[in-house]
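Engineer: Below is a structure I'd like to ask you about.
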Amino acid sequence: MNWKEDAAYLRSIRPYILLSVYLFCATAALGFVASVRNPDLAAAYVGDVAEKLQ
């Protein structure tokens, strides 16, 4: 594949890339808002993740 084909492929999947970026940003914002509104819940989630990573 050359760079023109690569660019054409990326243009063809642009809606999916934009949707993925939008969903990532939206869920990150929701997670931030949830952790600000309820810090105890956020601490519990962080503790659970830390426990699983050990």
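The values are calculated or read from the model by the stated rules, or taken from the named source; none is laboratory data. Computed from a predicted structure; not experimentally measured. Ideal geometry is used to build each Cβ from the backbone, glycine not excepted, and the neighbour counts take in all protein chains shown.
Engineer: Tell me whether segment 5-27 contains one or more residues that are of a type in the set (Phe, Trp, Tyr) and modelled with pLDDT under 95.
Structural biologist: No: segment 5-27 contains no residue that is of a type in the set (Phe, Trp, Tyr) and modelled with pLDDT under 95.
Engineer: Let me ask something else. Name the residue, out of Ala8, Ala28, that is small (Gly, Ala, Ser), more than 18 Å from the chain's Cα centre (by Cα) and outside any loop (DSSP other than H, G, I, E, B). Quick ask: steps written out before the conclusion?
Structural biologist: Details: Ala28 fails: more than 18 Å from the chain's Cα centre (by Cα).
Sole residue among the options that is small (Gly, Ala, Ser), more than 18 Å from the chain's Cα centre (by Cα) and outside any loop (DSSP other than H, G, I, E, B): Ala8.
Engineer: Can we say Ala44 is hydrophobic (A, V, I, L, M, F, W, C) and loosely packed, with under 10 Cβ neighbours inside 10 Å?
Structural biologist: no
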